[in-house]
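Beneath this line is the structure, given in structure tokens, with notes to follow.
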Number of protein chains: 2
Amino acid sequence: MTNTTSSKPSLYTVLSPALLHLYDLNNAIVVIIDVLRATSTITTALHNGAKCVIPVDSVAKCIELGRQIDGITAGERDGMIAEGLEHGNSPFEYPAEFIGGKTLVLTTTNGTKLLHMALDRGAGQIITGSFPNLSAVCEYLVAQNLPAVLGCAAWKDRVNIEDLLFAGAVINQVKGHFDINCDSSQIAETLYTKAKKDLYGFMKAKNASHYLRLMNYGLEKDIRYCLTPDLANVLPFYENGRLISFPNS
Amino acid sequence: MTNTTSSKPSLYTVLSPALLHLYDLNNAIVVIIDVLRATSTITTALHNGAKCVIPVDSVAKCIELGRQIDGITAGERDGMIAEGLEHGNSPFEYPAEFIGGKTLVLTTTNGTKLLHMALDRGAGQIITGSFPNLSAVCEYLVAQNLPAVLGCAAWKDRVNIEDLLFAGAVINQVKGHFDINCDSSQIAETLYTKAKKDLYGFMKAKNASHYLRLMNYGLEKDIRYCLTPDLANVLPFYENGRLISFPNS
């Protein structure tokens, strides 16, 4: 994953947190992808004026930190609001009039876990990606010209369709700028090109596990939002323990 | 993964040995998939009259056992014949006039490793799958009517295209007989339906990592053989430490 002037930087896709150890993150930009719904909600909160989002890896830490800094505590376990937290993982819970100027302390089943794993493994930079900020992610990756690792949060380590679709959407846009020797990336882009005309319809037709899980909670609106590009197009960037909106994004 | 009279058995696809622990194998038929080239070679050797194939997980064991039972020792590490072994991992090394009536002791980078992992995790039954025995695998899975787990051997735990294509080919044929709630299976079948008209061309167009690796060794003929259905259509079945051709297959 070196980047010399004579070659393009590498790009890899990691299909599950359980495969993250196979990849060198040290000089790479790691894109944390948890389409339903953590990273869609993070970009939405920042787009709507949140000061920052602090990802934490346990409900207990979320409650404690929320109290210390007077933040909004939010998060889910198994798709439902976690006990002891105030808010859930839906992007619709964070309109500008509620979240503007505030700090969101967030814990989720898969996305925030993967972010902390990437940190522990020495990721060069960490950003978060989702369809609502697809363009911001692609523009940043192209501009930085550094090795990139697209990290799918999956569901309890099981590979899911929607995170792979987002990885494929990124690859589809940026592939001319990267040297891609990675079967997982090819699989992701093939899946995306098959699905792109109607991402929601594809998820439905394939009985995507997370589609079924959220539909059971009546969350079709969330699914449709989380599959729509550029509705909250900022770049969440990890710095000093917080996700902030990258300057000028 | 229970199988009651009122429902179809489950089917899951495991994209990498590093994800195998997420699945319950106890009552399942586990299909070991290592298209390039271990499982293609195993079915070819049995089709050509080998008495049995003994998969072992190290070169040292392969040499020792080969000496004890006067077997043919074979195997590769990183795509090349491993030091100390007589033969490699190409199906073309095992024509009937050479392998007929003999025992092949085989060790490979990924496929035999996954087989031993599945054994350790209490797999109900173990068979091996590859395009040369696609129909035998599908017919057996449908006839048994038990939960099935399609296990991709991958490459040093990194997901690869060709094993996923084979999983997709199986799913495409048997899906009416199974209850499939598994995103990995949907991804596999989508990839296969996109690629099926020309599997070799798809591997080439996608710069599949194993395609490139074998082409570097001049093994186009092996790749083409290993992507062709039913050229050696028997069912390797694991029993008492050996893979034998399942009766009547």
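Just the residues that are among the charged types (D, E, K, R) and in contact with a helix residue (DSSP H, G or I) (Cβ under 8 Å, 6 or more places away or on another chain), please, taken from the stretch A:151-175.
Selection gives A:Lys156, A:Asp157, A:Arg158, A:Glu162, A:Lys175.
What tally of residues in the stretch A:215-249 results from selecting those that are farther than 30 Å from A:Gly122 by Cβ and touching a Lys or Arg at 6+ places or on another chain (Cβ under 8 Å)?
1
Among B:Gly218, B:Gly241, B:Gly201, which is open to solvent by less than 60 Å² (accessible area, probe 1.4 Å) and over 19 Å from B:Ile161 (Cα atoms)?
Step by step, each of B:Gly218, B:Gly241, B:Gly201 is checked, and only B:Gly241 is open to solvent by less than 60 Å² (accessible area, probe 1.4 Å) and over 19 Å from B:Ile161 (Cα atoms).
Of the residues in the stretch B:202-213, how many are within 29 Å of B:Tyr23 (Cβ to Cβ) and either more than 11 Å from every other protein chain (Cβ to nearest Cβ) or free of Cβ contacts under 8 Å to residues at least 12 places away in the same chain (or both)?
Here the count works out to 0.
When the residues of the stretch A:172-198 are narrowed to those that are of a type outside the set (Gly, Ala, Ser) and closer than 20 Å to A:Leu212 by Cα, which ends up surrounded by the fewest Cβ atoms within 10 Å (Cβ to Cβ)?
Step by step, filter the stretch A:172-198, then rank; the result is A:Asp198.
Of the residues that sit in the stretch A:5-16 and are away from chain B (no Cβ under 14 Å) and farther than 24 Å from A:Ser135 by Cβ, which one is surrounded by the most Cβ atoms within 10 Å (Cβ to Cβ)?
Among residues in the stretch A:5-16 that are away from chain B (no Cβ under 14 Å) and farther than 24 Å from A:Ser135 by Cβ, the one surrounded by the most Cβ atoms within 10 Å (Cβ to Cβ) is A:Ser7.
With the requirement that a residue be assigned to a helix (DSSP H, G or I) and either hydrophobic (A, V, I, L, M, F, W, C) or buried (at least 17 other Cβ atoms within 10 Å of the Cβ) (or both), what does the stretch A:223-235 give you?
Hits for the stretch A:223-235 are A:Ile223, A:Tyr225, A:Cys226.
Would you confirm, using the coordinates I've provided, whether A:Leu199 is of a type in the set (A, V, I, L, M, F, W, C), at the interface with chain B (Cβ under 8 Å from one of its Cβ atoms), under 23 Å from A:Ala136 (Cβ atoms) and in a helix (DSSP H, G or I)?
No, not satisfied.
Residues to consider are B:Leu36, B:Leu19, B:Leu46, B:Leu65; find the one that is touching a residue at least 12 places away in the same chain (Cβ under 8 Å) and within 14 Å of another protein chain (Cβ to nearest Cβ).
So the residue among B:Leu36, B:Leu19, B:Leu46, B:Leu65 that is touching a residue at least 12 places away in the same chain (Cβ under 8 Å) and within 14 Å of another protein chain (Cβ to nearest Cβ) is B:Leu36.
Which pairs have Cβ atoms under 9 Å, sit 6 or more apart or on different chains, and link a residue in the stretch A:178-195 that is at positive phi and touching a residue at least 60 places away in the same chain (Cβ under 8 Å) to one that is part of a helix (DSSP H, G or I) and open to solvent by less than 10 Å² (accessible area, probe 1.4 Å)?
Qualifying pairs under 9 Å: none.
Condition check ((1) open to solvent by less than 10 Å² (accessible area, probe 1.4 Å); (2) touching a Pro at 6+ places or on another chain (Cβ under 6 Å); (3) part of a strand (DSSP E or B)) across all residues:
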residue	(1), (2), (3)
B:Leu106	yes, yes, yes
B:Thr109	no, no, no
B:Leu115	yes, yes, no
B:Leu119	no, no, no
B:Cys138	yes, no, no
B:Ala143	no, no, no
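Considering only the stretch A:63-97, how many residues are open to solvent by less than 70 Å² (accessible area, probe 1.4 Å), modelled with pLDDT under 95 and closer than 22 Å to A:Asp120 by Cβ?
Residues that pass the stated criteria total 1.
Being assigned to a loop (DSSP other than H, G, I, E, B), over 19 Å from B:Asp157 (Cα atoms) and of a type in the set (Gly, Ala, Ser) is true for just one of B:Gly66, B:Gly84. Which residue is that?
B:Gly84
Please state which one of A:Ala169, A:Ala123 is over 28 Å from B:Asn181 (Cα atoms), crowded, with 18+ Cβ neighbours inside 10 Å, away from every other protein chain (no Cβ under 14 Å) and in contact (Cβ under 8 Å) with a residue 24 or more places away in the chain.
Result of the check over A:Ala169, A:Ala123: A:Ala123.
Just to be sure I understand, how many residues within the stretch B:147-161 are in contact (Cβ under 8 Å) with a residue 60 or more places away in the chain, within 11 Å of chain A (Cβ to nearest Cβ) and part of a strand (DSSP E or B)?
Here the count works out to 2.
Give the stretch B:17-55 a look and list any residue that's open to solvent by 10 Å² or more (accessible area, probe 1.4 Å) and of a type in the set (Val, Ile, Thr), or say none.
The one that is open to solvent by 10 Å² or more (accessible area, probe 1.4 Å) and of a type in the set (Val, Ile, Thr): B:Ile54.
So for the stretch A:202-222 (the condition being in contact with a helix residue (DSSP H, G or I) (Cβ under 6 Å, 6 or more places away or on another chain) and outside any helix (DSSP H, G or I)), does at least one residue qualify?
yes
For the stretch A:80-98, name all the residues that are farther than 14 Å from A:Ala232 by Cβ and of a type outside the set (Asp, Glu).
Within the stretch A:80-98, A:Met80, A:Ile81, A:Ala82, A:Gly84, A:Leu85, A:His87, A:Gly88, A:Asn89, A:Phe98 qualify.
Out of the stretch B:56-100, which residues are under 16 Å from B:Tyr225 (Cβ atoms) and among the small types (Gly, Ala, Ser)?
B:Gly79, B:Gly88, B:Ser90, B:Ala96
Do we find that A:Ala143 is of a type outside the set (Val, Ile, Thr), touching an Asp or Glu at 6+ places or on another chain (Cβ under 9 Å), away from chain B (no Cβ under 11 Å) and under 22 Å from A:Asp230 (Cβ atoms) in this structure?
No.
The values are calculated or read from the model by the stated rules, or taken from the named source; none is laboratory data. Since we're looking at a predicted model, the values are computed, not measured. Backbone-built Cβ (ideal geometry, glycine too); neighbour counts: all protein chains shown. Keep in mind that these areas ignore ligands, DNA and RNA; they rest on the heavy atoms of the full protein, side chains included. Shrake-Rupley method; radii C 1.70, N 1.55, O 1.52, S 1.80 Å.
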